Each structure stands twice: as structure tokens, then as C-alpha cells.
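In what follows, a structure is listed as C-alpha cells, so that the remarks can point back to it.
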Protein chains: 2
Amino acid sequence: MRAKHVSISPAIDGQEIFALLREDLAAIEREFGRDTVSHVEAITEIGEYLRRGGGKRIRPMLLLLSSRLFDYQGRGAIKLGAVVEIIHTATLVHDDIIDEAQIRRGRPAANTQWGNSKCVLAGDWLYMQAFKIAVEERNFRILDTLIDLTQQMVEGELLQMEKLGQLISLDQYFDLICRKTACLFSVCMRVGAILGGATPEQEQNLAQYGRNLGMAFQIVDDVLDLTASEDVLGKPVASDLREGKVTMAVIHALERCAPEEREKIGAVIRDRAFNGVSHGDILAILKHHRSIDAAHQRAMQYATLARNAICNFPNVEAKRVLLWAPDFVVDRVK
Amino acid sequence: MRAKHVSISPAIDGQEIFALLREDLAAIEREFGRDTVSHVEAITEIGEYLRRGGGKRIRPMLLLLSSRLFDYQGRGAIKLGAVVEIIHTATLVHDDIIDEAQIRRGRPAANTQWGNSKCVLAGDWLYMQAFKIAVEERNFRILDTLIDLTQQMVEGELLQMEKLGQLISLDQYFDLICRKTACLFSVCMRVGAILGGATPEQEQNLAQYGRNLGMAFQIVDDVLDLTASEDVLGKPVASDLREGKVTMAVIHALERCAPEEREKIGAVIRDRAFNGVSHGDILAILKHHRSIDAAHQRAMQYATLARNAICNFPNVEAKRVLLWAPDFVVDRVK
């Protein structure tokens, strides 16, 4: 991958961005709240629990920013901002059942509170609700895009399941994180572009931006899972290894390490537990091969590709935020 | 409920109907097969397993017949026939996970073969695939109808879960079977009507037909669960009672029986097992209060309502089949 550097617009800081998006994000939050009310109490309860669990709302933000590049003023970005967050939430509920997750965002995972059965149905309901609201926009291209996306994500989760406990290649890893994260980021940008009336080329560039940002985001997420503390993560450290998931830094180390190091990593992945090999042992191996740095480097390359993809858009405020976001994503510590 | 009798057109038999629908049903089967192929092998495998498991294909048949009342000739009825069967299949996969079903249609349930996690995802994928094909029809009313339906069904399953092991009322029972079965039957008729360009009144009548037929169908299904043999059912007898589900005949008996009889039924529902009370004991109670007959009677009333709902349609072949179907549904033994 070759990533040329582009000049960055004057810096923008978190507060400015918050001010810029505050009203719309609050509207999306209200829309999300309204959208997840059902006659069936358990659904409303689970929906409320998930919504209050927070999350960075990065996906609706991307959709908003993308639409703002075209000075889009309609309510579609609010409604579809809620839609992408609801789809994201539905995937999390089903993924947590599959991963037997105990904790999500620092709280008990919904499946531990309501049981798997209700959470399967709540996830189904959320998917349908997302599509119900999306259909109200009466835009077939948006529906095609969202449905395609959801299938990609579901397929990605299944592929990941099949690869648990295996030492996958870097290409397999990139395919998985693309389906898991980058596809949705890309769709958020694309939907904003469709709402804004983008040309096919503009839409393509924005989708590229989202895809590359998503790749950077997930690589960093996976590094943080290895390096950050439980307090910061809101879940146990090295959850991925404990679930038998091999991520970028680990793959990098595996491609370079000595047989005895390989055996240590392999044991954790196989056992899905730290038996006789500590988390510190694994970190030492990763540091020795500069694997954490290598993952960061790759994330930075994706970040640069993201910025490059939007270099031709006029220099409006939304663009400044979009140029800033990749650095934020790569440099974040949580 | 008052159900006046309407004169029935000359009888039609199973073979004639098969001849009438054979080509279209074969086309739907091919469409279903094509629609459930994914890059991810596990999805294709599960989809194929489910499709080959059979089922009566009564839902696509209804959709076809409804569209034929209007002499609809397009390919939409084939595609949407597959869609309603795929939605039905997706609900079954998730329901079987929830009910911890061992057997479905005489074969091991998919969850026992692939595990719950893969089946959660396969169900998600099937839902999305159904909507993907439905979106291709480029008809928003059909999408609204299908999405609404799916939510109703998911909510119904959740309501049923919450009522497991409880002695529900007849009204609660009718609400549950409406969501579980009658809504989908109704939607099949409605979608056929929309394709055929029905007037709002015609669409309403056909939806009524489907709803009433579905109610009759599920009441009889629930009676057969109590009375038929395992060979005929393709699953253990009295599965509903074993799962803590109270159905029409049982509710009828509970409203009339002596305290000691009530205690026996209550024990099975509570324990979700026949401990000290046999299946024969329960059947004896139901027979004593003519509860099986009462359920059949109610099914026949719904069947009559179904026939009445379409009395004003011109006397084409599809109408003859639709007039015949309610009797078939009520009189079937499997």
C-alpha cells in the first residue's frame, strides 16, 4: 500500500466538533430513543439498556458529516443516523450472544441480563426497526446499501467464528475487519453522500474514506484490546486472545518470532486462556518484534488513505472534521 | 363470532391444485435455492438443509393464488413467494434456538447440527436475503408490509416466551397465534393482491381471508400436537405442553374442569414435563370436556369466515382453490 501525504486543513479540536454536531447528535439520540419502543416491554427495556450503554456514535457522526459536505439540510440524516446506530447495536447484541460476552462498555452484556433467547429476538426486532425507518426514506439505493451491508457484517461474524483459535493470515484479518467495521463506516459515508446528492465519483471517494477510516479504527481497537487496561476498555484485557481471535499485532509477531515464542502465542489462542503464559509474556513478544508499532503504522497508512480520498472536496467545516478524524482515531487511547 | 355459510363452488381436489400450481411452485423452489447461496459456506449449508427439510409451502401458495385472482402474470409472485418462505424459515431457525428444539419436520433441528451461534447468524442472513429480494421488486408498500409482519412475528415469539408455563386466556392465545401464523398468511394474501393491482377493499378482503385461514390452521396445528402420533408430527407428541405452551383445547378444558383435573394440567405446564401425569391423562381430560371438539369447532368458524371474505371475487380457478383450502386445513390429520 502506498500512501502519499496531503496537506491538512487548519486543526479543529474536539470542542469545536462537538459544537458543530451537538444539535444533530441530540436529535439522533431522541430518534434512537423513539425508534426502540415496542408494545412488548422486553424489547423496549433491552433497547433502552443498549442505547444508554452509549458508544461513541461515530457512525451517525460520519453520516452527518458526509451529508454536510453537500450542505444537506433534510431530516434524512437524523433518521438514517439513528438507523446505522441501530443496525450497529443489533449486530452487537447478536455478537455478544455468540461470543458469550459478559461485559460490554463497562456494564453487564445484555445477554447476561435478559438471556440469549430474548436477546436473539431483540436483535431481530432492532434490525427490522432499522429497516422500517430506512424504508420511510423511500430511497431504494439506500435500502440496497444497508441490506448489503448487514449481510456482509453477518457473514463476517460467521467467518470470524470459523477462524476462532486459528492463526489466520494478514489478508484474512483485513477481510474480517473490513466486514466487521470498515464496511459500516463506508456505508455511513455513502448514505450521507446519497442524501446529499453526490456524483458517483464523490460517493465513491467518500465510501473509500469511510472504508479506510474503519480499517484504521479497527486495527487500533484491536491494539488497545492488547495494551490498554480493563478500566479503560470497559472489558477484560486481551479479550480477543481469550476468545481465540488473532489480530494484526499478533499476526505480525507470528510472522517473525522464534518457535518458542510462536508456541506461547499458539497456546493462548488454542486454549482461549492464559494458562502458563501470561498476558505480559505475550506483550513482551509483541514489543520485541515491534508488532504494536507495526500495527500502528498500518493504521496510520489507512488514516492517510482516508484523508487522501477526500482531498478534492471543497474546504467546508465538515471536511475539516473529516480530515481530523483519522488522526483522532489512530491516536486515541480508548 | 358469527359465521354465515356461503355456497361453495364445485369441489376441487388435491391433484388439480397441484397441476394448477406445479410450475410456479417449482419456480419458487428454484428461486429459494438460488437465493440462499452465500460466499460463506455455513450459510449455504444451513440454507440448503432448511430448504430440503420441506414444509408445505402453503405461504407461497397463498401468495400465488391471491395474485392469480387478478390474473397476475409477472415474475413478482415467484420472487415474493420465495421471500415469504425464506422469512418463515428464518423465524423457524431462531424459534428453534429459543425453544431448544431437537427435531423439526422429522429431522434434527438446525441448531442441533450447527450450534446456536451459527444458527443465529444464518437466521439473520436469511432475513436480510428475504428483504434484499423484496427490495428488488421496487414496491414500498410490499416492503412496509413485510417489515411490519416480521416485527409482529418477533414480538409474538417474545410474548409467547414470557407466557411459557402460564395458564393464558383464550384472548391471549388468539393474539399469539395471530402473530405466529395468521399475520404471515394474511400478508401472503395481501402481497399477492398488491402485485395483482387489487382495490383497497379487495386487498382488505384477501388479507381477512389469510388471517382467518391462518387462525384455523394454527388452532388445528395445536390440536394435532396434542392428538397426533410422533410419526405423523415429525416431532415428539405434546411438544407444546412440554415447552409450557397452553393451546386452545387446553384452555377450553381449564375453563371447565374440576380442581384435580386443573391441577394435573397445571403440573405438566409448570414442570414442562409429564411427571406423574401422563399424556393419556391429559387427553382424557380434554375428551371429557369435549375440548378437542371445541377447538375444531372454532377452527371451522374461522374457516367459514375465510371463505366468506372472498365470496365477491369472480369465480376463477384460483378462487375455487381458495374456497377449498379452509376445509383442507381444518380436516387435515398432519
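The values are calculated or read from the model by the stated rules, or taken from the named source; none is laboratory data. Computed from a prediction, not measured in an experiment: that's the story for all the values here. Here Cβ is always computed from backbone atoms with ideal geometry, including for glycine, and neighbour counts include all displayed protein chains.
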message: Being surrounded by fewer than 20 Cβ atoms within 10 Å (Cβ to Cβ) and assigned to a helix (DSSP H, G or I): is that true of A:Gly115 here?
response: yes
message: Checking the structure you have, find out if any residue of the range A:176-189 is within 13 Å of chain B (Cβ to nearest Cβ) and either more than 14 Å from the chain's Cα centre (by Cα) or of a type in the set (A, V, I, L, M) (or both).
response: yes
task: State which residue is modelled with the lowest pLDDT when the search covers only the range A:222-237 and only residues that are under 21 Å from A:Leu164 (Cα atoms) and touching a Ser or Thr at 6+ places or on another chain (Cβ under 9 Å).
output: A:Val237
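Look through the range A:119-141, keep the residues that are aliphatic (A, V, I, L, M) and facing chain B (nearest Cβ under 9 Å), and return whichever of them is farthest from B:Thr91 (Cα to Cα).
It comes out as A:Val135.
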query: So which residues in the range B:1-49 are surrounded by 15 or more Cβ atoms within 10 Å (Cβ to Cβ), modelled with pLDDT of 90 or more and not in a helix (DSSP H, G or I), if there are any at all?
result: B:Thr36, B:Ser38, B:Val40
- prompt: From the residues in the range B:164-175 that are closer than 18 Å to B:Leu254 by Cα and without any contact (Cβ under 8 Å) to a residue 24 or more places away in the chain, which one is farthest from the other protein chains (Cβ to nearest Cβ)?
  reply: B:Asp171
- prompt: Just checking, which of A:Asp293, A:Asp281, A:Asp271 is closer than 30 Å to A:Ser186 by Cα and among the acidic types (Asp, Glu)?
  reply: A:Asp293
message: Quick check on the range B:50-69. Is at least one of its residues more than 14 Å from chain A (Cβ to nearest Cβ), assigned to a loop (DSSP other than H, G, I, E, B), touching a helix residue (DSSP H, G or I) at 6+ places or on another chain (Cβ under 9 Å) and farther than 22 Å from B:Lys180 by Cβ?
response: yes
field: Which listed residue is among the charged types (D, E, K, R), at the interface with chain B (Cβ under 10 Å from one of its Cβ atoms) and either more than 26 Å from A:Leu62 (Cα to Cα) or in contact (Cβ under 8 Å) with a residue 40 or more places away in the chain (or both), from A:Asp99, A:Asp144
entry: A:Asp99
- request: Starting from the range A:22-48, keep only residues that are within 14 Å of another protein chain (Cβ to nearest Cβ) and closer than 19 Å to A:Cys188 by Cβ, then list their pairs with residues that are surrounded by 22 or more Cβ atoms within 10 Å (Cβ to Cβ) and modelled with pLDDT of 95 or more whose Cβ atoms are within a distance under 6 Å, requiring at least 6 positions of separation or different chains.
  value: A:Asp35/A:Ala82; A:Asp35/A:Gln129
field: Matching residues, the range B:70-91, being closer than 22 Å to B:Arg320 by Cα and assigned to a loop (DSSP other than H, G, I, E, B)
entry: B:Phe70, B:Asp71, B:Tyr72, B:Gln73, B:Gly74
query: Can you tell me which residues in the range B:149-162 are touching a residue at least 24 places away in the same chain (Cβ under 8 Å) and charged (D, E, K, R)?
result: B:Glu155, B:Glu157
Which listed residue is more than 14 Å from every other protein chain (Cβ to nearest Cβ), crowded, with 20+ Cβ neighbours inside 10 Å and without any contact (Cβ under 8 Å) to a residue 40 or more places away in the chain, from A:Ala109, A:Ala82: A:Ala109
query: In the range A:280-326, how many residues are of a type in the set (D, E, K, R) and touching a residue at least 60 places away in the same chain (Cβ under 8 Å)?
result: 5
statement: Reported set for the range A:196-206 where residues are surrounded by fewer than 24 Cβ atoms within 10 Å (Cβ to Cβ) and on the phi < 0 side of the Ramachandran plot is A:Gly196, A:Ala198, A:Thr199, A:Pro200, A:Glu201, A:Gln202, A:Glu203, A:Gln204, A:Asn205
- request: Please state which of the following conditions A:Lys56 fails to meet, knowing it meets all the rest: (1) surrounded by fewer than 19 Cβ atoms within 10 Å (Cβ to Cβ); (2) touching a residue at least 24 places away in the same chain (Cβ under 8 Å).
  value: (2)
- line: Residue hits (the range A:265-292; surrounded by 15 or more Cβ atoms within 10 Å (Cβ to Cβ) and at positive phi) are A:Arg290
- request: Report, by residue number, each residue of the range B:68-79 that is over 19 Å from B:Lys56 (Cα atoms) and in contact (Cβ under 8 Å) with a residue 12 or more places away in the chain.
  value: B:Arg68, B:Leu69, B:Phe70, B:Asp71, B:Tyr72, B:Gly74, B:Gly76
message: Just to verify a result, which residue in the range B:147-161, among those that are under 30 Å from B:Glu255 (Cβ atoms) and more than 7 Å from chain A (Cβ to nearest Cβ), is farthest from the chain's Cα centre (by Cα)?
response: B:Gln160
